[in-house]
Structure formats: C-alpha cells, structure tokens
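Below: the structure, in structure tokens.
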Amino acid sequence: MQCTMPTERIPCDPRHPSPEALAKAASLLRSGQLVAFPTETVYGLGAPAFDATAVARIFTAKRRPPNNPLIVHIAETDWIERVAVDIPPMAYRLVEAFFPGPLTLILRKHPQVPANVTAGGTTVGVRLPAHPIAQGLIQAVGVPLAAPSANRFTEVSPTTADHVLKSLGGRIAAVLDGGPCSVGIESAVLDMTTTPPTLWRAGILAQTTLEAVAGCRFQSPSGAATAPSPGQFPRHYAPRARIELLPFGDRVRIEERLAVYQAQGCRPGAMVLSDVTAGVGTVIIYLPQDVAAYARRLYAAFHELDAQLVDVIVVEQVPEGTAWDGLRDRLRRAAAPPPVDISEETP
Ligand code: TXA
Ligand code: MG
C-alpha cells in the first residue's frame, strides 16, 4: 500500500484532555483510520481491536510481520472479560494491584478478538494504560484498542509525538500530542498462560514486585517450555547507529573506546552514567542514576543521537540489581547485531 496521507497533530493536554480532541481522534478511529496516542510508557498506534480490517492497517503502516501479536488496550478493569476468557485468580490479583499501569498480561483469547490481533494464536495481551489521554480515547471509541508502539518495526519506540511523526508521518491519520511519556520504556509483558508465569519482557515494575503479588516466582523466557513471545527478536528497540555496550562504572575503558573511534575518523556518541570526558566531536549524553528518570530519558537519547548522525554509540551498561532489569534488557537488545534477514529470526 502506497501511503502518503498528511498526518495531523492533535494537541491535547495530558492531564485534562479536551473532549473535542478526544472526539476527533475517536471519530478517525471509528472510521477505520490509524491514530497514535500517548500512554504512560510509550506512544501507541491504535485501531479498534474488533475491527480486523483496521488492525491489518497497523501491520502495513509499521511494516510489522503479521506473526507478531498486538496488545489490546482497555479503559476499565472489567473490560478484560471482553477480550479474554479463563482468567486465573492470580491474574485478577495482578490486575487489582497494577492496573492501570505499565503491565501487560497474556491471557486466553476471547473468540471475538480477531485472529490478526493475536497473530493467529490462542492468547491475547491485555493492558489498561494509566495515561488520561489513552483512557479518555478508549472510552470515547467505546471499544478496546489494539496498539503496538507507534514506530516502524525494529525502530526505537516513540516517547514524544515528534518521534511518532518522524517514523510514521505520512502513513497514519493523526497523532494525539500529549507531550513526553512519563515512564519511557514499554510495559512488562507477563504470560499468565504458562505455569509458572513467564516474564517475556521486563518493564519498569520490578520482577520481584510483581512476584510478591502473584505469590510465585516467574520463569524467564530462556527457561520457558513454550515457544518464545514472537516480539522478542534479539535486535529490537535499536537506534540506527551501532551500539557498543561497556560495563557500568568502567570510565577508563569508555574513554579509551571513544578515543579509538575518533582516531579512526568516526563520529562517536556516548550514553553514560559515569563522569566520562571525551574529545571535541564526540556527542556525550549523561543519563540520570535514578531508574525512573533514566527510563524516561533513554529513548529520547537514542533519537537525539540518531538525529546527530553519529556512527557508533558507546553505551555504559546500567548497574546491577532487579530494579534495572527492564533497562538492561533494552540496552542488550539495542546492541544486538543487525539481522541479515528479519524474517529468518521469526520463530
Ligand atoms: O507499553 C507498551 O506495552 C506499549 C504501549 C503502546 O502500550 N506497547 C508495546 O507494544 O510496546 P509492542 O507491540 O511494541 O510490543 C508488544 C510485545 C511484543 O513483544 C509482542 O510480541 C508481545 O508484546 N505480545 C503481544 N501479544 C502477545 C501474546 N499474545 N503472546 C506473547 N507475546 C505477546
Ligand atoms: Mg514495539
């Protein structure tokens, strides 16, 4: 499909979304067009979840392989029964504690959810976002919204409307501009259909925090007996420049590597927590030592370094500790070598 539609930016106050802005976006969605909207994690690209034709447009706009299922976003906790069946008590405990919030639960799919939302599978990802614009929009449409992150496949997720427009401008009808996202990395994805549950993707909610409410330890993706979550490609969440990941606190090695790249005539960038210095021509971004503040800043930093056209980014790994798991995971994925052929990675 050739897509060159103008993408409208609809300004919207993140705390008190205007009913007019939400109604405009909702009417586009109801007519089957795609609208990006802010959630507390990252911007999502929405389509009404029960409209298979509109959902198919998401895959086209993102150039996402059809075997990668979408998360269904609901506006109220009891909507969960509109999209899932056989919901175990443990899932309800997690819903009670963490919805709305940055957690996606994988459950048995309700028959009315179209097959392309779940990539033909029997399970569905469900999330209730905490962002007032996301909640207001879903309420205004009146049905759950299927929404992946609003970026082209394998690119860095957007945390501002500008990021969305850079990646998908001309390919979607509109973006609700609610400013920067407060969490900054994608939700934790927890599969409740395995025993014990599998944490497919770590998020800002620490695994131990989730386990305390679930009342059991989770298995990691590598230990899971089932097929991997289709979205967990090794290289994902990656900027254009190659990434070299170096240990936390190893200031000397980071400075050495930056000097080597400069000597080779490259334009290096750096994303560090330590007090690193480097020669003129190196773009250094200092990231905060606080987990939440780091997450909020991470993807914007990738987007900025891409805009500065650096050839390589030397990244200081985050510290030890489960609180940093989601961030360590994103950095590891961003640093994975690019696949020769994306389709070969698909399980
Ligand atoms: O924070 C978020 O989760 C954002 C916002 C917009 O809600 N969404 C997001 O969607 O990151 P996406 O599509 O970029 O990532 C969803 C991940 C993918 O890795 C996908 O494979 C996995 O969740 N997923 C979705 N449904 C699944 C299912 N039924 N079984 C296993 N994995 C699933
Ligand atoms: Mg994504």
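Read-outs: derived from the displayed coordinates by stated rules, not from any lab. Keep in mind it's a predicted model, so treat the numbers as computed, not measured. Please note: Cβ atoms are built from the backbone with ideal geometry, for glycine as well, and neighbour counts cover all protein chains shown.
Miscellaneous remarks
- Listed from fewest to most Cβ neighbours within 10 Å, the set GLU244, GLU186, GLU76 follows the order GLU76, GLU244, GLU186.
- A simple spin-label model places pseudo-atoms 7 Å from Cα toward Cβ; at VAL85 and ARG253 they are separated by 5.2 nm.
- Under 11 Å, Cβ to Cβ, from ARG297 - net charge with Lys/Arg +1 and Asp/Glu -1: -1
- Cross-link partners for LYS24 among the aspartates and glutamates, with Cα-Cα distance under 20 Å and sequence neighbours closer than 8 places in the same chain left out: GLU8, ASP13, ASP51, ASP162, ASP177.
- The shape of the range 90-191 can be summarised by an equivalent ellipsoid whose semi-axes, obtained from the alpha carbon gyration tensor, come to 24, 17, 14 Å from longest to shortest.
- Extension gain, ARG30 to ASN67: 0.36 nm times the residue separation minus the Cα-Cα distance gives 10.8 nm.
- Viscosity 1.306 mPa s, 10 °C: Kirkwood-radius Stokes-Einstein D of the range 90-142 over Cα pairs, µm²/s: 129
- Among MET90, MET5, MET192, MET271, the ranking by other beta carbons within 10 Å of each residue's beta carbon, starting with the fewest, stands as MET5, MET90, MET192, MET271.
- Remark: ILE313, ILE285 ranked as ILE285, ILE313, counting other beta-carbon atoms within 10 Å and listing the fewest first.
- A straight Cα-to-Cα reach below 17 Å connects LYS62 with the lysines LYS166, residues fewer than 8 places away in its own chain not being considered.
- Here the label points at ARG93 and ALA56, each 7 Å from Cα along the C-beta direction, are separated by 4.3 nm in the simple model.
- The base-10 log of I(q)/I(0) for the chain, evaluated at q = 0.07 Å⁻¹, reads -0.28 [Debye formula, identical scatterers on Cα atoms, solvent excluded].
- Each listed q (0.11, 0.18 Å⁻¹) maps to a log10 I(q)/I(0) for the range 1-93, found by the Debye formula over equal Cα scatterers with no solvent: -0.40, -1.01.
- Mean separation of Cα contacts under 8 Å (6+ apart) over length of the range 1-155, as relative contact order %: 34
- Projected onto planes of every orientation and averaged, the convex hull of the alpha-carbon atoms in the range 16-172 covers 8.5 nm².
- For the range 173-209, backbone nitrogen atoms closer than 14 Å to the point 7 Å from CYS216 Cα along Cα-to-C-beta are found at 191-199.
- The ratio of the alpha-carbon radius of gyration of the range 258-333 to the globular-protein estimate 2.2 N^0.38 Å is 1.11.
- Local net charge near GLU8, Cβ-Cβ under 12 Å (Lys/Arg +1, Asp/Glu -1): +1
- Computed label-point distance, nm, for sites HIS16 and GLN112 using a 7 Å Cα→Cβ extension: 3.5
- When shorter helices are ignored and each DSSP H run of at least 4 residues is given -39500 (n - 2.57), the per-residue value for the chain at 222 nm works out to -9000 deg cm²/dmol.
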